[in-house]
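Any read-out appearing in this document is the output of simple, stated calculations on the displayed coordinates, not a laboratory observation. All figures in this text were calculated on a predicted structure; none of them were measured in a lab. Positions of Cβ are backbone-derived with ideal geometry, glycine not excepted, and every protein chain shown enters the neighbour counts.
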């Protein structure tokens, strides 16, 4: 058997949370290798569920630390649990690859984690600031350019013939999380642009579907339907203008929000990060930009770099963050020739970047793993044993996932009830332990 014929054994770790709330693009990123390299053997584990002891004893060729798995660093209790429960990764002979996002959040913890676990390669997103984000790992580790999302083969099929704009019922759509102040003013734009746009008199009469309410999230395949039913969508830079090396700013913001729920951004800034906002701008193109471009949904975008792939004013209608130029934005929305050209150019722009294709990224990861396996002379669990381990995993873990998440939803309802009743002590306890 040649090296090209080797059937790799790969463990993928994620913390996507409750499956009913999975975002399509995030799910596709976590499952990039299983979806696009199916000729290899995978155990894909949701780290919220207990990991069976027998999985720790499997000798994998590679272990993939997905972006949501790495988000455990945001919460001290969850981080400590992950470091303890998955300590076997630190000493494993496997090729270890990390796919982090939001690297500016708890950046020093991430940097040290990558070193402590001897991670072979980190696909970092904010490429303009690697020495700032990875001061230690960048000296000895292998940093490669990654993206917050990749164009899956299923996306290409789904959007091969986008719905004609005339058949779409939503004029302008937007969904985003109402980000807390620890993402800086850059993050606040993502939270505030929807409200700013809706407040403009010129947009009255348009069909708007804009929300930052968690209850309005559009999950799973419905997200692509939602985008394709939108003629336009709002878009902003994905990222932060604030670096928080150890999570101290995040913790301060959370405490301040509990003790002073009516506090303004300026008040929280003064209390938690005076003079620090705006020293850096950590941005990257987001999956939303790629999906909208494929769906021929023209983006109304704030100024920004967008990883050098999309240019507001050329591929998107340019809007100011406060939407003060809304009259000009609406004028451009009504220019059918301009809109058609932007839709075409945006689609071509994202499709022209080979590194954005999920199939290409999967092939690159497989090649990296194979080279690492050869260099480190890794011997994995034999085929028959691996097959039995996968079957046992599905019987013991996958088959019980629905029951596990039903229990978690029940606990979440109790938590929400306690918070709604104003139990401050309970809220503080949850903030420390969630």
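At a glance:
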| item | result |
| --- | --- |
| Peptide ranges 72-85, 138-151, 103-116 listed from the most packed, as the mean C-beta count within 10 angstrom indicates | 103-116, 138-151, 72-85 |
| For region 153-351, convex hull volume per residue from C-alpha positions, Å³ | 135 Å³ |
| Distance cut-off 21 Å, percentage of C-alpha pairs in region 69-221 lying past it | 62 percent |
| Relative contact order of region 76-142, pairs being alpha-carbon contacts under 8 Å that are 6 or more residues apart, as % | 33 percent |
| Neighbour-count order for 183, 137, fewest beta carbons within 10 angstrom listed first | 137, 183 |
| Cα-Cα pairs of the chain separated by more than 31 Å (percent) | 44 percent |
| Largest to smallest principal axis extent of the C-alpha atoms in region 1-149, angstrom | 43, 37, 30 |
| Which of 190, 387, 231, 370 has the fewest Cβ neighbours within 10 Å, and the rest in rising order | 387, 370, 231, 190 |
| Rounded to 10°, Cα long-axis angle of helix 424-433 versus longest principal axis of the chain | 50 degrees |
| Crossing angle, helix 383-396 versus the chain [Cα axis fit, 0-90 degrees, rounded to tens] | 60 degrees |
| Region 103-189: C-alpha gyration tensor shape, a/c 1.5 cut-off, then a/b vs b/c | oblate |
| Percent RCO, i.e. relative contact order, over the chain, from Cα pairs under 8 Å lying at least 6 residues apart | 19 percent |
| Nearest 10 degrees, 0 to 90: helix 184-198 Cα axis against the chain principal axis | 50 degrees |
| For region 249-376: rounded, prolate or oblate by the Cα gyration tensor [a/c cutoff 1.5] | oblate |
| Burial ranking of peptide ranges 307-314, 292-299 (average Cβ count within 10 Å, highest at the top) | 292-299, 307-314 |
| Separation between Cα centres of region 186-262 and region 75-91, rounded to whole Å | 31 Å |
| Length-normalised contact order of region 153-351 in % [C-alpha pairs under 8 Å, at least 6 apart] | 24 percent |
| Residue-averaged 222 nm ellipticity for the chain, from DSSP H runs of 4+ at -39500 (n - 2.57), nearest 500 | -13000 deg cm²/dmol |
| Dimensions (Å) - region 318-368, Cα atoms, principal axes, largest first | 50, 26, 9 |
| Cβ-based exposure ranking for 55, 125, 253, in which fewest neighbours within 10 Å come first | 55, 253, 125 |
| Highest to lowest packing among 19-26, 64-71, scored as the average C-beta count within 10 Å | 64-71, 19-26 |
